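What follows draws every value from the coordinates through simple rules; no lab data is involved. None of the values given here were measured: they were computed from a predicted structure. Neighbour counts are summed over all protein chains in view; Cβ atoms, including those assigned to glycine, are modelled from backbone coordinates with ideal geometry.
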């Protein structure tokens, strides 16, 4: 007890040096450091040395680092690939389907679609204003990037000038999982509005099989017959599937 009858505070608060208290209360940051941070650093270094060496799941994991900075994203990257099959199919998946994967919320799903849209714009820039018939690989790559993983049929037209340079690229119709209505007169009308002298038709088969149907062939021939009297050439009709494409011209169908 103190002189005034109070208990000595030192009974409850022993004289511990301040430095000792600070040391006792300090947190060892190395202990709390998440295990995946070192992995991220190593993965970034491997990417910087050459991205081709990374498998798809690690490239997707790197992207998810930026979108979900406080989580181990390797399991999520693998879950996305297990669900959709390929990196291209992950980026091509609709927002609603991405959100079905545990760990993917609306914000991350939208960010993935932004990445996909950026890649599509980059592919389009490879053919915009160029003579597309001499850049056929880029044309096919672009069509695949924008159409291969759509869940409904999409009918797209590439409008070309007299030098076969791309003027515009437009989706004219979106249909169901196995059919898209196409109106040849509307196709030709739009070509005239853009002063196009040639067009390339393209549509996707959500089933994945790019084999042209009888209806595809007949529709293409009707477009050709409608366009020819007006001086508009139809160079090709490309059908895009998830794992390949078909050229009607290449198959001698037109």
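Worth pointing out:
- Of residues in segment 82-98 being in contact with a helix residue (DSSP H, G or I) (Cβ under 6 Å, 6 or more places away or on another chain) and crowded, with 17+ Cβ neighbours inside 10 Å, the one farthest from residue 149 (Cα to Cα): 98
- Of note, residue 195 satisfies the criterion of being touching a residue at least 12 places away in the same chain (Cβ under 8 Å), loosely packed, with under 13 Cβ neighbours inside 10 Å and farther than 22 Å from residue 90 by Cα.
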